[in-house]
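Below is one structure, written out as C-alpha cells; the observations come after it.
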C-alpha cells in the first residue's frame, strides 16, 4: 500500500532491521544510539561519498552524491551515497546533461562482504526509492534491451576493496516490500521486538543498551517472581491458619 510522507521511515533502517529487528526498533522507535569504533570509522569513510560538492567526471560518465530519494510504496526516505550516470542509449534524460544516461547506485560500506542479506536489502530498497524519485523503471522488464532498464546496483566494501554488483530482481524487491510493511506495523504499534541472542550481538554497538541475555530471561524472571509471590501468599495463609487453630 502507498504510505503518506508523514509516515516515512529512514531508508537505511532496513539494513538494521534485517540485521536485527530489535536493533532497528531501539534506533528508530526508542531513539537509542551509541557509537563504537566501527560506527565512527564508517561515518568517516562516508564523508567523501556523502559530500555533494565533490565533483567527479570521466568520459561518458559522471557522479552525483548525496541524492535525496523517497518511495511511497515502501514508505522510506533517505540519502544515497553515490549514483553513477553512464551514457547509454537505454538511459534517461538528466537535467543539464546532453544525451541519455543510465543511473547506477554505489553504496559504500566500511567492512567486508556479509554472509547475510542486510546490505543487499538496503541496496534494493535504494533502487526502488531512486526509480520512484526519478520516475523511471530500473527493473529488468524483459530479456531484451529496453528503455530505462537498469537491473543492478553495487556495494563497495572498504575493508576488502571490492565492488560487488547485485542483480535487483523481483524476488529481492518483494522481500524488501515485506520487510517495509512489517517495519511500519511495528512502528505504528511502538513495539520493540524481543532480543534474539546470537553471534551477531557481538557486532552491535547497542549491546549494552539492548542487554539481549537479560531480555531473553525476562519471561523466566517474571515467572520466578510470580512463583515467589504465590509461595509467600501460601506461606502467610498457612501461618494464619495455624494461629487460628492455636487460639481455638
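Condition first: closer than 16 Å to residue 15 by Cβ and in a strand (DSSP E or B). Can you find one or more residues in the stretch 165-186 that meet it? Among the residues of the stretch 165-186, at least one is closer than 16 Å to residue 15 by Cβ and in a strand (DSSP E or B), which makes the answer yes. Considering only residues in the stretch 187-212 that are surrounded by 11 or more Cβ atoms within 10 Å (Cβ to Cβ) and assigned to a helix (DSSP H, G or I), the one that is modelled with the highest pLDDT turns out to be 187.
So that you can scan it fast, the table gives a plain yes or no per residue for (1) surrounded by 16 or more Cβ atoms within 10 Å (Cβ to Cβ); (2) at pLDDT 90 or above; (3) out of contact with any helix residue (DSSP H, G or I) (no Cβ under 9 Å at 6 or more places or on another chain):
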{"site": "51", "(1), (2), (3)": "no, no, yes"}
{"site": "62", "(1), (2), (3)": "yes, yes, yes"}
{"site": "68", "(1), (2), (3)": "no, yes, no"}
{"site": "90", "(1), (2), (3)": "no, no, yes"}
{"site": "103", "(1), (2), (3)": "yes, yes, no"}
{"site": "129", "(1), (2), (3)": "yes, yes, yes"}
{"site": "136", "(1), (2), (3)": "yes, no, no"}
{"site": "141", "(1), (2), (3)": "no, no, yes"}
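Just so you know, in the stretch 170-186 the residues that are touching a helix residue (DSSP H, G or I) at 6+ places or on another chain (Cβ under 9 Å) and farther than 14 Å from residue 28 by Cα include one that is surrounded by the most Cβ atoms within 10 Å (Cβ to Cβ), and it is 176.
Taking the condition at pLDDT below 90 and in contact with a helix residue (DSSP H, G or I) (Cβ under 6 Å, 6 or more places away or on another chain), does residue 118 pass?
Numbers: at pLDDT below 90: no; in contact with a helix residue (DSSP H, G or I) (Cβ under 6 Å, 6 or more places away or on another chain): yes.
Judged against the criteria, residue 118 is not a match.
In this structure, residue 167 qualifies as surrounded by fewer than 14 Cβ atoms within 10 Å (Cβ to Cβ) and in contact with a strand residue (DSSP E or B) (Cβ under 7 Å, 6 or more places away or on another chain).
The values are calculated or read from the model by the stated rules, or taken from the named source; none is laboratory data. All figures in this text were calculated on a predicted structure; none of them were measured in a lab. Cβ atoms come from the backbone with ideal geometry, glycine included; neighbour counts cover every protein chain shown.
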